[in-house]
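Written out below as structure tokens is the structure these notes cover.
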Amino acid sequence: ASPLDKDQMQGLRGVREFLKVRTSYDVLPLSFRLVVLDIDLLIKKSLNILIQNGIVSAPLWDSRNSTFAGLLTSTDYINVIQYYCQFPHDLNQVDQFRLSSLRDIERAIGVLPLETVSVHPMRPLYEACRRMLKTRARRIPLVDIDGETGRETVVSVITQYRILKFIAVNNEQHTMLLKKPVRDLGLGTYKNLATTTMNSSVLDVIHLMVKYNISAVPVVDQDYRLLNVFEAVDVIPCIRGGAYDELSSTVGEALSRRAEDFGGIYTCGEDDRLDSIFDTIRKSRVHRLIVIDDDCRLRGIISLSDILKHVLLFGEEDDTIRGGSGSLR
Ligand code: ADP
């Protein structure tokens, strides 16, 4: 192996050791706020609460049985939209749906319920990461048992983003060894990319995200130049207040509804190295990197799951799911 390969492996091993001696609890900030929603809440109202709090997901609570009832994410809203498309005359009913109906909606449109995996906050972070990759979950609730009542409590939720940020901030001595360029690592997806245009309808993009099971679709012009990225979370403001007819509006219109504090999109080139990607993660709120060439033409997409997969699994002998692009799919 070249010195570059050796360094790369040493850096990855360093990060893996780090993940084994830290817990999910370590990732949490000293003080944080957790919005938990009761499953008796109307779905319509839940949208407003997410928007008002500037969040895109929340744990659900079943107060009748005092149990944790899963995670609410943008996928659930996408399911409601699919339901509405399949049963358009049911708009009144859609309006009256509560969060407790989400499972019925999944059944009605024929999607498999997402497996809700949770981890104990004091288990090694490495375990939470492996579980995320295995189930393709983008976020995992930390569930503990209350010592006094013996009941489940949701401590917080950790996301791929938070974990990669935590790695980036605490492992500079390891990530600086990751000098191999994205091209050599085969990091990300470069074939059969799902893309859209500014004039496509929001509904078309939603169908693309469902079909490919992805959380973002690059928006390109007629020369395949990158203009923007439509993300699954961009669906939320589109259906605020139960205005499902707005889904026929264009991608361009929908993107103009983004919150003021939208963090922007991040790009990189195929010659960029993994260490510089970790620098970007350390400094910014990155949810994926869009790979472009010198003319700003779309080349590929590197998701946080692609990065996490590489960090955990690359070079691991015993593993069938290697670090390469999209091999899980
Ligand atoms: P994450 O799991 O981090 O939210 P995605 O669900 O968007 O990321 O990505 C899942 C897989 O699909 C990744 O391997 C990623 O490279 C690939 N992918 C992401 N977006 C697209 C797209 N628009 N077209 C094709 N493949 C994509």
- Message: All but one of (1) more than 21 Å from I49 (Cα to Cα); (2) in a helix (DSSP H, G or I); (3) open to solvent by 60 Å² or more (accessible area, probe 1.4 Å) hold for L133; state the number of the condition that does not hold.
- Response: (3)
- Query: Just one of the numbered conditions (1) open to solvent by 50 Å² or more (accessible area, probe 1.4 Å); (2) assigned to a loop (DSSP other than H, G, I, E, B); (3) at pLDDT below 95 is not true of G326; which one?
  - Reply: (1)
- Restrict the check to segment 253-267 and report whether at least one residue is over 30 Å from H174 (Cα atoms), open to solvent by 70 Å² or more (accessible area, probe 1.4 Å), basic (K, R) and not assigned by TED's automatic domain parsing to the domain that holds D90. yes
- Message: Name the single residue that is most open to solvent (accessible area, probe 1.4 Å) among those in segment 173-189 being within 15 Å of the ligand (Cβ to nearest atom) and farther than 26 Å from I78 by Cα.
- Response: R183
- Query: Which members of segment 101-124 meet the condition of being more than 23 Å from S156 (Cβ to Cβ) and either in contact with an Asp or Glu (Cβ under 7 Å, 6 or more places away or on another chain) or among the hydrophobic types (A, V, I, L, M, F, W, C) (or both)?
  - Reply: I105, A108, I109, V111, L112
- Message: Among the residues of segment 31-40, are any within 29 Å of V311 (Cβ to Cβ), in contact with a Lys or Arg (Cβ under 8 Å, 6 or more places away or on another chain) and β-branched (V, I, T)?
- Response: no
- Answer from N170, N213, N199, N192 - the residue that is open to solvent by 60 Å² or more (accessible area, probe 1.4 Å), within 14 Å of the chain's Cα centre (by Cα) and not assigned by TED's automatic domain parsing to the domain that holds G70: N213
- Item | Test for G242: is it at positive phi, modelled with pLDDT under 95 and either open to solvent by 60 Å² or more (accessible area, probe 1.4 Å) or within 15 Å of the ligand (Cβ to nearest atom) (or both) | no
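The values are calculated or read from the model by the stated rules, or taken from the named source; none is laboratory data. Here the structure is a predicted model, which is why all the values come from computation and not from measurement. Here the Cβ is made from the backbone with ideal geometry for all residues, glycine too, and neighbour counts use every protein chain on show. Only protein heavy atoms, including side chains, enter the accessible area calculation; ligands, DNA and RNA are left aside. Shrake-Rupley method; radii C 1.70, N 1.55, O 1.52, S 1.80 Å.
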